[in-house]
Structures are given as C-alpha cells and as structure tokens.
Amino acid sequence: MIIQDREYIKPSKVARVLSILQALSMDCDLSQQELGNRSGLSGAMVNQYLRELSASGMVRFVPANGKSFRYVLTEQGEALRRRMFAVFSSELVRLYSALKMSILDRLKALERAEMFKVVLFGASETCEVVLSSMRHSPFEVVALVDNDPEKHGNLFHGQVICSPRILDDVRCQAIIITSYGHQDEIRAQLAPLARRRNMEIVQL
C-alpha cells in the first residue's frame, strides 16, 4: 500500500479560501501566481476563488495599472478571515492534543515496566511534540541525540543535541525514536547497542 503525503488531512475548499484570505490580509499586492504559490493552488483555482470572493463582497479588485489588480479584503472579508482562522486554530489545537495523547499511549508499556530514563533519537518537529507530551509524565529525558553532525551542540527545547556516540556511556532504559522519516534505519542502527545494553527501542 502506497501512503502519500497529506493522505489523512487533505485541504478542503474552506481551507483553500482561508489560505487566500490569510495571504491577502498580509499583502494585497500579491499576484494570482504568488497567491497560488503560497496556497498550493493552480492559477485557475486562485482566479476562481477570487471571483467567488469578489461576488460575495469579501474581496475588491482594485486596478493597479493597465494590466493587473490589487486584491483588497473588505470589512466583511476581514471578519470572515478572523472567524475562519479561529475555527481553524481550534481544530489544530484539538489535533495537537490528540497527537500528544497518542504518543503517551505508545509509551504506556515503558511506564508499566518502570523504564523512566529515556533517550530521544531525532531532533525534529516530532521530537518537539514528544517533549511536550512528556512534560508532566514520570519520564526523564537523559539525552537527545541525532545523526546530523550540524545539529550537535545546538540547544533544542532545553536539550543539547548530541552525537549517537554518547549512547555507550549514557545510563538509560529505553530509546524513543522521534524521527518519523527514518525510523526503520535508526532502529537497525540502534539494535546492536540495545541488545548489548538490554535497552528497549520504541518506535512511534
């Protein structure tokens, strides 16, 4: 089975309209091509949405010169943008909370085994969510490691990013892979160490 990007959360028409309203609220001088680039839409779709927004009184077409227009939000358009953005933000917060709960569910086996000292492998956006999820949990993050040498020594949400070479000397009970993009490769990399040190490897 091939799983593509955005397979589970696909942009709807209202999300596309919001992306256009958001872009215009910050810069009404954007061309249709620039709006398309920011919204991930074709020029034809941008043109269609702009005409619909204009017909409903949300956007005004103001001639900029003989060949182009400025697309200006009306008061009604700005009010619509604020309402849509409030609903959008609320949905994102609920999704974020559900994701954190899902991560904690994946870690319940470690908690039952009283394996509280953990290493996180992968300084990524996923790691940020994991750290937020574990903030009020019994887990203690003893190290954060990453394969990218350019990240080593940098601070990531209060954790110093280290090389995986430190794992031989770190006292921990489990390693949580916090990189969705390379989980299988990282697990294979960690397998010999985990067997040698009797450590658990957790894939989210």
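The values are calculated or read from the model by the stated rules, or taken from the named source; none is laboratory data. A quick note: this is a predicted structure, and the numbers were derived from the prediction, not measured. Cβ atoms come from the backbone with ideal geometry, glycine included; neighbour counts cover every protein chain shown.
Scanning the range 156-194 for residues that are in a helix (DSSP H, G or I) and either in contact with a Phe, Trp or Tyr (Cβ under 8 Å, 6 or more places away or on another chain) or closer than 17 Å to K117 by Cα (or both) yields P164, I166, L167, D168, I186, L190, L193, A194.
The residues in the range 14-61 that are among the charged types (D, E, K, R) and either within 17 Å of M84 (Cα to Cα) or touching a residue at least 24 places away in the same chain (Cβ under 8 Å) (or both) can be counted, and the count is 3. What about A64, is it in contact with a strand residue (DSSP E or B) (Cβ under 9 Å, 6 or more places away or on another chain), touching a residue at least 12 places away in the same chain (Cβ under 8 Å) and either farther than 22 Å from V202 by Cα or surrounded by 12 or more Cβ atoms within 10 Å (Cβ to Cβ) (or both)? Yes; evaluated as a whole, the condition is true for this residue.
Which of the residues that make up the range 58-69 are of a type in the set (D, E, K, R) and either touching a helix residue (DSSP H, G or I) at 6+ places or on another chain (Cβ under 9 Å) or modelled with pLDDT of 95 or more (or both)?
Step one: list which residues in the range 58-69 are of a type in the set (D, E, K, R), which gives 60, 67.
Result: R60, single match.
Here is a check on your reading of the model: is L35 aliphatic (A, V, I, L, M), at pLDDT below 95 and under 30 Å from T126 (Cβ atoms)? Show your work before the answer.
Numbers: aliphatic (A, V, I, L, M): yes; at pLDDT below 95: yes; under 30 Å from T126 (Cβ atoms): no.
Considered against the rule, which asks whether it is aliphatic (A, V, I, L, M), at pLDDT below 95 and under 30 Å from T126 (Cβ atoms), L35 comes out as no.
With respect to the conditions (1) exposed (fewer than 12 other Cβ atoms within 10 Å of the Cβ); (2) in contact (Cβ under 8 Å) with a residue 24 or more places away in the chain; (3) of a type in the set (D, E, K, R), K117 lacks only one, and its number is (1).
Within the range 92-114, restricting attention to residues that are surrounded by fewer than 12 Cβ atoms within 10 Å (Cβ to Cβ) and of a type in the set (D, E), the residue that is nearest to Q203 (Cα to Cα) is D105.
Which residue is farthest from M26 (Cα to Cα), if the candidates are limited to the range 69-91 and must be hydroxyl-bearing (S, T, Y) and surrounded by 12 or more Cβ atoms within 10 Å (Cβ to Cβ)? The residue in question is T74.
Need a quick list: strands (runs of 3 or more DSSP E) entirely within the range 31-127 having at least 3 residues that are over 30 Å from L193 (Cβ atoms) and not basic (K, R). Fully inside the range 31-127 and qualifying: 59-63, 69-73.
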